[in-house]
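To start, the structure under review is shown below, and the notes come after it.
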Amino acid sequence: MSKPVRSPTEVAQDIIRPTEEVKVAIDARTAPRADADSETWTVSEHEPPVPRRKILAVVSHLQPNGKHEQGCVFVLLQRPPRIQSIPDEYVVEHAFPVLHNFSISMAQPRQTTVDLSSPPPGSTFALDQPKTELTVTIKPGEDTPFSSVTLHTTDTQGLRLLLDECRRLKEASTAETDDDYDFEPFAWIAPYVADHAVPPLLSSIPPDLRKLQIPVHARLSPASAGVPGSDLSDVEAIREDWLRERMQKEIFAVGEKARLKIRIGTFNVNGKLPSQDLSAWVRDQITLPASALIPPLKEISPLSIGEDRKNPIEEQLGWCLHPGNTIPSGIIPPDSSSLAASSDSSASGATVVDTISEDTTVSDQPPDVPEDPSDPDMLVLGFQELDLSAEALLYSTGTAREDNWCMAVFAGLGEKAVLYEKLASKQLVGMLLVIIIKKRLRPNFTDVRTASVGAGIMGIMGNKGATAIRVSFTPSPSPPASSGSESRPTALAFVNAHLAAFDEMYEKRNVDFHDLCKRLVFDYANSGDDIASTGSWYTPAAVPLGIFDADALFWLVNLNYRLLLPDADVRSLLADYELRDENFRVLRRFDQLTTAMRSKKAFDSFIERPITHLPSYRFGSGMLTDGLGYDMKRKPAWTDRILHMTSRAVVVKQESYTSHPAITMSDHRPVSAAFELEGPAVSVAEYESFMQRVWREVSGIEYAEERPRLRVTPNIIDFARIGHKRTVTRTLEVANIGKVPCAFRFVSQNFAADACPSWLRIEAMAGLVLPGKKTEIILTAYVDDAAAAQLNLGNARLEDTLVLHTALGRDYFVAVSGDYDRTCFATSIAWLVRLPGPVRALQAPSDLLPEDKSVNAPREIMRLINWLMSNGTQTDGLFLTPGDEELVLRIREDLDTGEEFSLEVTQNDSKTTLAFADTLLRLLESLTDPVIPSSLHAKCAQITSRDEAFEILDQFPVVNINVWISLTAFLHFIGQRESYQTKIEHLIAIFTSVLLRDDLNSLMPVSITGKRNFLRYFIG
Amino acid sequence: MSKQFQFKLVLLGESAVGKSSLVLRFVKDQFDDYRESTIGAAFLTQTVTLEDQTTVKFEIWDTAGQERYKSLAPMYYRNANCAVVVYDITQSTSLEKAKSWIRELQRQADPNIVIALCGNKLDLSARRQVSQEEAKKYAEEEGLMWGETSAKTGEGVSDIFTSIAKKLPLTAPPSARGGTRPGVPGGRTGVDLNKQANAGQGQGDQCNC
Ligand SMILES: Nc1nc2c(ncn2[C@@H]2O[C@H](COP(=O)(O)OP(=O)(O)OP(=O)(O)O)[C@@H](O)[C@H]2O)c(=O)[nH]1
Ligand SMILES: [Mg+2]
């Protein structure tokens, strides 16, 4: 170790915070005792144990009143070194307040003990022999919870100073009784001791993922101006978030990254045995020439499977599952020079740990098969309805079916199969979760735990429920180094669930989801790992873990969530290939899972990539199927889904999400998703040392008797003009001019209000500033549709006061104001027709026309249609091609001010005309109510003739009729053009979504095809 | 059994000649001295019953006369079965405007469209600028129906719509009227299309006013 040994004072100063001062510090060591083992460590096998260095320090603290001084004797203990590049670290082993009954004494072996508690006046000690070992005994006093400690030191000079200092402080402490200054004595010591000395982020259990999805300010206690909430718990939350943020920015973001390609699949196999090639499902694309592949195993008659359930493909695939078998020569690519260097794992320093994985019976030496960068590192496959037999429900029927399917999966991996092995699996009746990994990564996966929960018959049977596996992935250090540099592991959890079937079981599925989340527990007993083997914070926690106690959580499930639309609707929307995009948008809107996520009833905060594949359920065979092959008796649905949720530390990129229609052996189609998970490859030591260092800056905020002090500038902010979907940004500077770190948050002026007005965004709503540092808070005035809908109805002058509350401190006020530019967007038709002129000219809501004097139609809509009639009828793709953002804003501005349109239009200028069309569409979309009142949608959808269609108009408000008639007349007009013949259906689909906007809260939605038919009577 | 027919009728003419007032009188039998100028167009329906109990339902598209909404007109008169082109008898320029609308209809609209020229504000005949003879002559030349009305007093208003109803070809099968557009006899009453009531008189006839 080339680092110079730091002096005791240097070490102590490193630990002590700015509010305290190190008076004296000396080296010391523990008096030899029987249990000294815990205080030594072995540097190498050849050297004898070295005692851990200890430092004895006297620390003084001056109360904020500048008068009262208090002292404390610290015993600092060196931590075991982990890697050489990190300086030695110390923890506070003991902290003894120097109080009236505190005593510290020293003794020279076989010499008189000097008792400091009653020192002879003016006495000094003649202890000048160098290298004399002295004994120091600290007695904290009988009324304290501490017991006395005895140490040895050779620093006689230092010890003398230390004793002097203790005496001085003790006198100071007894002298202060004459003052009634109010403070908590010795509260400043608390942050140094025991529990508080461990940063919260060093727990080996990742924080609950669900909590991380909620911004910190939303997790704080309820509070408003003058009525602080629970400042102490808020400090904790804000500080933890701040630590996480710093960790993210300064360690994770800048350091090495570890990438893991995870391919996830879910397949309800309907009790079938594998009879087809699964390669489409288990691997992305096959890049090798067909001749090098195993012949696809298509259409093997189920009869040939035979009674003994021997899988017909087993014989072909035996080589990859049984040791010693040779690889069929056909599948080895002739050129294996492209063998990836990364497949060499021998250099990995990570510890190989036992796991619960079964012997995967793979030949010991993988042959030279090239790895592609696109090959998944990890395959996670969930099967449902593996075994539908009644016996399976009652007792375990063995692993025959699991073996069959695993063989089929390895077969599907083709020539790559030799690169993989099974890591773990968990089965519960028909639900099977299997994790297959690249063999070379085997050492990187540790702490494998499994769990399962039945939620079927009687709420416990395993016909429905979930199985789950949790693993720790520890990236290999790069470059491979000593054992001290193992990386911080990333915890991955996977859940394979199968929820209640049938459309009407929607609520049951939501309840089941929450039930599974609670009941799926990974017991430590399940893990095959040996926790005592490593000395890091990251030893697997010997506690049960929930599924959300991970860095990334994936659900690969047959959720049985259905589509809410009527059967005929679903089929016809799916069948219309031309309108696939638009129809899928509509279908997704009415998918029960999407509905549950939107309403936060289940899978709140999970991410699912928008589905672009056909529903995976339910396919039939023979006569009773529709054109797409779906069973006529069951409404098609996206029952098979893959969702995920991650912490900030990892980034998950989803590369695909698709179903595999070619695999037809079940009534479901398998679904797969490819992910790339990117996590920090930071060493545990680096992580911990950083965390310890940063933690020191912010620990003990809650114990400081100093009030936090901020300077918040400016305290008046004017945004000038604020407009719909226009961004105006201002900065608020928050400087910490006090001595203690300051946690702050914005609170509301009163409990009825929000902390932030609807037109403003505050970044960040809560934060932390260190003493002498400042931070910028970005205030962005931005009016979205919802805010505009409110603001349009009120006064144009916006004024508000922001209240910045400092935890354990005062409130600061910032006045914010602006002038709102009213807009015709995000209003209602009924309101627009009461405008006496352009919307921008409206001074106050009282200037609106009375309802009976309102005009017959909104000018803004009619102006847009008129413009399009003059300039746009020759443009192709109106409403189908998005408009240029800036042009749309300019058009909107002219509508709002009532000015003539300022955009010049030249021949063949489709950019401008498309922008006008898009402005019209967006204006209609932004209206608070659809043009056709929602209450009439059901009736409209049932109409079967043009006459009826015109008749129902009578039930609309007059203004809505006029808007409807003009819009449809325009669409009819452009629809007559040759070039629109093919697009008219698309326009109908788009305008149905806008003019007969879907009611997303309805569990019995109105038929989409019915609504489209209605519109078709007017424009078809 | 009564027969019902449905027709699309469009009103055109310079701003302020009284198109909306005419419709208001026809549909609600009301008049309003201060009317907001029409924005874009307004849509109303009204049914007239002929002597032979045939009912004709008009889908009325009352368009805006203001120049700024001028381009909208084609989408309203497209597929219209009949048009009422209105001028103000106290404003000779409004007849010029009416003529230009008629030319546009003759060029662009359905060739079978029935057009009526209507001189409004008959109650203000003291300030008349357009003589009956002048307008009538023009209508005859162009083969239009013609009449004068007062939306204010109601004079001549229902006559002009009734005359149009009589004039419309109540025999027309749906296919003759441009796809699915109006003019199709109402199907709900189960009309026998081959057994029609008397159609109106020949072209150029004027209404009874
Ligand atoms: N004296 C009199 N005034 C009328 C008559 N008809 C309409 N008016 C008045 O003329 C003005 C315009 O009438 P509207 O019906 O709004 O005219 P319009 O043709 O619909 O005008 P636009 O909607 O702008 O195209 C109103 O003030 C009416 O009161 C009428 O027969 N006699
Ligand atoms: Mg009008």
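Figures for the structure shown
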read-out: For peptides A:980-986, B:151-157, sequence by mean Cβ density within 10 Å, most packed first; value: B:151-157, A:980-986
read-out: Nearest-10 value in Å² for the accessible area of B:Lys121, using the 1.4 Å probe; value: 60
read-out: Accessible area per residue in Å² at 1.4 Å probe, computed on region A:855-1019; value: 38
read-out: Average beta carbon contacts from partner chains per residue of A:851-858, 10 Å cutoff; value: 4
read-out: Ordering of A:272-283, B:101-112 by packing [mean C-beta count within 10 Å, highest first]; value: A:272-283, B:101-112
read-out: For the pair A and B, total buried accessible area rounded to nearest 100 Å², probe 1.4 Å; value: 2500
read-out: Members of A:Lys653/A:Lys774; B:Lys8/B:Lys97; A:Lys508/A:Lys635 lying beyond 26 Å, as alpha-carbon distances in this model show; value: A:Lys653/A:Lys774
read-out: Cβ neighbours within 10 Å from other chains - mean over B:61-73; value: 4
read-out: Ordering of A:783-789, A:407-413 by packing [mean C-beta count within 10 Å, highest first]; value: A:407-413, A:783-789
read-out: For A:Ser487, residues with placed amide H under 5 Å, excluding near neighbours; value: A:Val684
read-out: Peptide A:947-953 - average C-beta neighbours from other chains (10 Å radius); value: 4
read-out: Cut-off under 5 Å, modelled amide H: who pairs with A:Val931 long-range; value: A:Arg997
read-out: Integer Hz, Karplus 6.51/-1.76/1.60 couplings in order for region A:96-104, x for Gly and Pro; value: 10, x, 7, 10, 4, 9, 6, 9, 10
read-out: Beta bridges per DSSP with both ends in region B:4-176, % antiparallel, nearest 5; value: 25
read-out: Region A:855-1019 - percent relative contact order, Cα under 8 Å, separation 6 or more; value: 29
read-out: Low-density loop cleavage sites - trypsin sites (Lys or Arg not before Pro) in region A:619-690, where at most 12 other Cβ are within 10 Å (DSSP); value: A:Lys633
read-out: Accessible area of region B:4-176 belonging to carbon and sulfur atoms, whole % at 1.4 Å probe; value: 44
read-out: Computed over region B:1-76: relative contact order in percent, which uses C-alpha pairs under 8 Å that are six or more apart; value: 41
read-out: For A:Tyr90, distant residues with modelled amide H under 5 Å away; value: A:Arg79
read-out: Percent carbon-and-sulfur accessible area, region A:641-744, ignoring ligands, DNA and RNA, probe 1.4 Å; value: 49
read-out: List of region A:960-977 residues, accessible area with partners at least 30 Å² below that of the chain alone (1.4 Å probe); value: A:Asn962, A:Ile965, A:Ser966, A:Ala969, A:His972, A:Phe973
read-out: Percentage relative contact order, region B:4-176, counting C-alpha pairs under 8 Å, at least six apart; value: 26
read-out: Spacing of the two label points (7 Å from each Cα toward its C-beta) at B:Thr55 and A:Glu133, in nm; value: 11.8
read-out: Sites B:Lys137 and B:Thr93 - FRET efficiency at Förster radius 22 Å, r taken between beta-carbons, to 0.05; value: 0.75
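The values are calculated or read from the model by the stated rules, or taken from the named source; none is laboratory data. As the structure is a prediction and not an experimental result, all values here were calculated from the model. Note: ideal-geometry Cβ built from the backbone for every residue, glycine included; neighbour counts use all protein chains shown. Just the protein is used for accessible areas: all its heavy atoms, side chains included, with ligands, DNA and RNA removed. Shrake-Rupley method; radii C 1.70, N 1.55, O 1.52, S 1.80 Å.
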